[in-house]
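Data block below; observations after.
Just so it is clear, none of the values below were taken in a lab; they were calculated from the coordinates. Since we're looking at a predicted model, the values are computed, not measured. Positions of Cβ are backbone-derived with ideal geometry, glycine not excepted, and every protein chain shown enters the neighbour counts.
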Amino acid sequence: MEIVQLSDLHVGSQFREETFQKVIDEINLLKPSTVVITGDLTNEGLIEQYENVKMISQIKVKK
């Protein structure tokens, strides 16, 4: 069993989609059984920040 943890993403004004996509791609290469996301997702809790966080739906886990 392989578990990946992402913590304190703090998506905000410094968010770079291409960098976050690289993280997602690396996680998917690991083919984890579980992905746990802990801590703060955004800096200010603004709608556009949560829109960027939706990229995490691209993370794939083993079924």
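Observations
- Whole-Hz Karplus values for segment 45-51 come out as x, 7, 3, 5, 5, 5, 4 Hz, taken residue by residue from phi with 6.51 cos²θ - 1.76 cosθ + 1.60 and θ = phi - 60°; glycine and proline positions read x.
- For V11, residues with placed amide H under 5 Å, excluding near neighbours: T42, N43
- Using θ = phi - 60° and Karplus 6.51 cos²θ - 1.76 cosθ + 1.60, couplings along segment 24-30 (whole Hz; Gly, Pro as x): 4, 4, 5, 4, 5, 5, 6
- Sites T34 and M55 - FRET efficiency at Förster radius 25 Å, r taken between beta-carbons, to 0.05: 0.85
- Directionally averaged projected area (the chain, Cα convex hull): 4.1 nm².
- Table column - 3J(HN,Hα) (Hz), segment 36-43, Karplus curve with 6.51, -1.76, 1.60, x for Gly and Pro: 10, 10, 10, x, 6, 7, 10, 7
- In this structure the amide hydrogen of L6, modeled in the peptide plane, comes within under 5 Å of the amide hydrogens of V36, I37, T38, none closer than 5 places in sequence on its chain.
- Net charge dipole size for segment 3-58 [Lys, Arg +1 and Asp, Glu -1 on Cβ; Debye, nearest 20]: 240
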